[in-house]
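Below is one structure; the comments refer to it alone.
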Amino acid sequence: MDKLNWMEQLHELINSDFRMEVEKKKEEFLAFRKCSGEEIFFELCYCFLTANTSAELGIKMQQSLGLEPFIRNSQDQLTQQLKSARYRFYNTRGRFIAQSRWIIDELPVLLNHPDPWFKREFLVETLKGIGYKEASHFLRNTGSFEFAILDKHIVRMLDPEFSRSGKALDRKRYYFYEKKFNRMAREMGMEPGILDLYMWKIATNKLIK
């Protein structure tokens with residue numbers, strides 16, 4: 001997508017009624033600070049499930065299964081339920097989620113830690129299946145707006161050559177694009193996690209968590 005084109009769309013969105021939808025979504029994200037560890041973990045499971053799939057599929061799995069299987073069922077049971085719900089990576093994600101339940105009681109404390117960068121590194125270093133994109137997604141969705149979710153849609157807007165390069169978005173490249181994104185957010189006087197919602201709307205015509 002041409003940068004001039006999406007920048008024009010961005011400014012139009014910021015000054016439209018869509019801004020109220022973004023503010024409502026922001027309040028939903030901030031509300032997680034008052035949730036239980038299990039409720040916060042359910043949102044973390046959503047981010048596990050969107051990896052290499054889509055936000056829509058993650059939401060579908062949450063709605064189909066509800067909270068209980070992700071919190072209490074055995075790994076085998078959860079894996080089978082994901083498979084029955086026609087989730088693609090049922091074995092891998094079921095294992096990652098089951099093995100991450102130790103963090104449930106830690107999550108309310110983690111979300112209120114004053115250093116957002118510490119929170120992200122902690123998640124990436126201690127949870128299998130959570131990389132920088134997934135950790136950023138979870139933290140943004142639970143009220144840390146220092147982070148945008150640099151998925152393929154957003155990166156293509158920042159760099160039209162990205163898809164043609166064939167290079168994976170490893171840690172070094174993620175940081176490269178993140179710095180570029182955050183610099184743009186600062187210039188616009190916006191939090192990265194909020195600017196992300198506008199850019200996602202332009203890329204997909206949707207407002208999804």
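Rule-based calculations on the coordinates, nothing more; no lab input. Please read all numbers here as calculations on a predicted model, not as lab measurements. Using ideal geometry, Cβ is built from the backbone for each residue, glycine included, and neighbour counts are taken over all protein chains shown.
Stokes-Einstein diffusion of segment 35-130 at 10 °C, 1.306 mPa s viscosity, Kirkwood radius from Cα pairs, rounded to a whole number: 118 µm²/s. Springs join every pair of Cα atoms under 10 Å in this Gaussian network model of the chain, and among M157, M61, M20 the largest mean-square fluctuation is at M20. Converting phi to 3J(HN,Hα) with the Karplus coefficients 6.51, -1.76 and 1.60 and the offset θ = phi - 60°, segment 26-31 yields 4, 5, 4, 5, 5, 5 Hz in sequence order, with x at every glycine or proline.
Relative to the current alpha-carbon distance between Q75 and N15, full extension at 0.36 nm per residue lengthens the span by 16.9 nm.
Put in order of Cβ neighbour count within 10 Å, fewest first, the listed residues D159, D196, D76 become D76, D159, D196.
Please find the FRET efficiency linking K24 to F176, where r is the Cβ-Cβ separation and R0 is fixed at 35 Å, and quote it to the nearest 0.05. Using R0 = 35 Å, I get an efficiency of 0.60. Taking only C-alpha pairs under 8 Å that are 6+ residues apart, what is the relative contact order of the chain in percent? The value is 26 percent.
Taking other Cβ atoms within 10 Å as a rough exposure proxy, Y132, Y177 sort from fewest to most as Y177, Y132. Rounded to the nearest 10 degrees, the inclination of helix 171-188 to the longest alpha-carbon principal axis of the chain is 50 degrees. Full extension of the chain segment joining W117 with K60 gains 17.6 nm, where the gain is 0.36 nm per residue of separation less the Cα-Cα distance.
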